[in-house]
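First comes the structure, then the notes that go with it.
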Amino acid sequence: MRTLIAIPCMDSVPTQFAMSLSGLQKTGEVKQVYSVSSLIYDARNSLARQAIAEKFDRVLWLDSDMVFSPDLFNRLSNALDDGRDMVSGIYFTRKPPIKPVIFSEAGYEHVEGAREVKPVAATMYDYPEGIFEVAAVGFGGVMMNVSLLKEVEEKYGLPFAPMLGFGEDISFCLRVRDLGKKIWCDSSIKMGHVGFRIITEEMYRESRNA
C-alpha cells in the first residue's frame with residue numbers, strides 16, 4: 001500500500017504540528033509532500049494531481065495547524081481497509097464559538113420566491129462515538145482512496161475548486177456525495193486545532209455546557 005501524506009500550507013508550520021508529524025506511526029510505502037500556496041484549494045489540487053500521477057493508493061490529508069496522536073495514520077488506514085473510501089478524524093474550530101468541523105447537512109436550497117439557491121451547511125453538534133456517516137467534513141485529518149480522487153477529477157475537473165458559498169473541503173464532499181459515495185467520521189480519532197491555544201473536544205463540551 002502506497003500512501004501520500006499531503007500537507008497544504010503557507011510559509012511555515014507550527015512547532016506542535018511538526019512534533020505530531022515526526023511521531024506519526026506509518027505502515028507501507030509513504031511519501032510526505034508539502035504544497036505551499038496562499039490559496040488552499042490550489043495547494044490541494046496540486047497535491048491531488050501528484051497523488052494520481054504517481055499512482056498512490058491513498059492520501060492522508062493533514063492541515064498544518066493540527067495536532068494528533070501517533071496512531072492517526074494506522075487507525076484511518078484500518079477504517080479504509082473495512083471498505084470505506086474516505087474517513088476523517090474529529091477536530092473543532094479554533095475560534096469561538098467552538099464547534100465540530102463535521103456537517104450533518106451540506107448543499108443548496110432554493111430561496112422562496114426567487115430563482116437563486118443558497119448554500120447550507122449544518123454543523124453536527126451532537127455526534128456518536130465511533131464511525132458514522134456525515135454530509136461533509138473539514139480536511140484537518142482525512143484519509144481517502146486515490147481511486148475516489150480520480151473519480152471526482154474525471155467528472156468535475158479540479159476536485160477542490162470552490163463551489164458557490166463553500167470552501168474547497170465542503171465542495172469536494174459535495175462532489176463525492178454526488179457520485180453516490182459516503183463520507184465517514186470516526187469521533188474516537190481526536191485531533192487538536194492549533195490556535196492561541198489547542199482546541200480539544202473537552203473544550204467544546206465545556207462551551208456547550210456553559
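The values are calculated or read from the model by the stated rules, or taken from the named source; none is laboratory data. Everything numeric in this text was worked out from a predicted model, so none of it was measured. Glycine gets a Cβ as well: all are built from the backbone with ideal geometry, and neighbour counts include every protein chain shown.
Inspect the stretch 84-99 for any residue being of a type in the set (Asp, Glu) and under 17 Å from Phe160 (Cβ atoms) and give the result as yes or no.
Our first condition is that a residue be of a type in the set (Asp, Glu); within the stretch 84-99, this holds for 85.
Within this subset, residues satisfying the condition of being under 17 Å from Phe160 (Cβ atoms) are 85.
The answer is yes; a qualifying residue exists.
Output the residues belonging to the stretch 1-43 that are among the aliphatic types (A, V, I, L, M), more than 15 Å from Leu60 (Cβ to Cβ) and not in a helix (DSSP H, G or I).
Met10, Val13, Val36, Leu39
Return the pair list, or none, for Cβ contacts closer than 7 Å from residues in the stretch 12-26 that are in contact (Cβ under 8 Å) with a residue 12 or more places away in the chain and within 19 Å of Val36 (Cα to Cα) to residues that are among the charged types (D, E, K, R) and assigned to a loop (DSSP other than H, G, I, E, B), at least 6 apart or on different chains.
Pro14/Asp65; Phe17/Asp65
Would you mention how many residues in the stretch 152-200 are over 30 Å from Pro70 (Cα atoms), of a type in the set (Ser, Thr, Tyr) and modelled with pLDDT under 95?
Residues in the stretch 152-200 being over 30 Å from Pro70 (Cα atoms), of a type in the set (Ser, Thr, Tyr) and modelled with pLDDT under 95: 0 in total.
Checking Ile183 against (1) in contact with a helix residue (DSSP H, G or I) (Cβ under 9 Å, 6 or more places away or on another chain); (2) touching a residue at least 60 places away in the same chain (Cβ under 8 Å); (3) within 19 Å of Ala43 (Cβ to Cβ), which test does it fail?
With (1) in contact with a helix residue (DSSP H, G or I) (Cβ under 9 Å, 6 or more places away or on another chain); (2) touching a residue at least 60 places away in the same chain (Cβ under 8 Å); (3) within 19 Å of Ala43 (Cβ to Cβ) applied to Ile183, the lone miss is (3).
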